[in-house]
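Have a look at the structure below before the remarks.
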Amino acid sequence: MSADSDLRARVGAVPPGLDFPPVERVAPPPLAQATVAIVTTAALAHPGEPWADQTHDYRLFDRDDARLLLAHNSTNFDRSGFALDRNVVYPIDRLAEMEREGAIGRVAPRHASFIGSTFELGTFLLDTGPRLAADLRRDGVDVALLTPV
């Protein structure tokens, strides 16, 4: 049972006009042949490029971009893990190791970050998510590694 059908079974049907379209799923190639991208909610940014509160957009970063900052702006958010090792939220070095070892086909040329402190999810489902998926597919991405922060 999918999460959607499980939720509907527990709370009832979605009112007319509020139903989301079905999500198309495709089978990826074996990981040893797949191109893998990171999609995180860590609000990664370049220095001097803050995120607007409650934004639904995403940012793309080149594979070799080492200037990324954790821009999540909550005062009670612990940034120490990222400060010690960016791979805690953005495991780019681990993916590069997996590529060298042949565990994955290749690391994608670009990766994405959202800001995680957003509550309205319909925009992600109907707009931002499909746009990011299209961007990643144009980059040849087969698999997205999600790192929720």
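Before moving on, here are some points about what is shown:
- Rounded to the nearest 20, the Cβ-based charge dipole of the chain about its Cα centre (Lys and Arg +1, Asp and Glu -1) stands at 120 debye.
- Translational diffusion of the stretch 51-133, µm² s⁻¹ [Kirkwood Rh, Cα pairs; Stokes-Einstein; 20 °C; 1.002 mPa s]: 147
- Each semi-axis of the equivalent ellipsoid for the stretch 32-95 is √(5λ) with λ an eigenvalue of the Cα gyration tensor; in descending order they amount to 21, 15, 11 Å.
- Given in Å, the Rg to one decimal and the Dmax to the nearest whole number for the Cα atoms of the stretch 97-149 are 13.3, 40.
- Diffusion constant of the chain at 20 °C, which comes from Stokes-Einstein with the Kirkwood Cα-pair radius and 1.002 mPa s, µm²/s: 126
- With each label modelled as a point 7 angstrom along the Cα→C-beta vector, the Arg137-Arg63 pair spans 2.2 nm.
- Cleavage-rule hits (trypsin sites (Lys or Arg not before Pro)) in the stretch 58-127: DSSP loop, at most 12 neighbouring Cβ within 10 angstrom: Arg67
- Bridge type composition, the chain - antiparallel percent by DSSP, nearest 5: 45
Read-outs: derived from the displayed coordinates by stated rules, not from any lab. These numbers come from a predicted model, not from an experiment. Note that we place each Cβ from the backbone using ideal geometry, even for glycine, and neighbour counts take in every protein chain shown.
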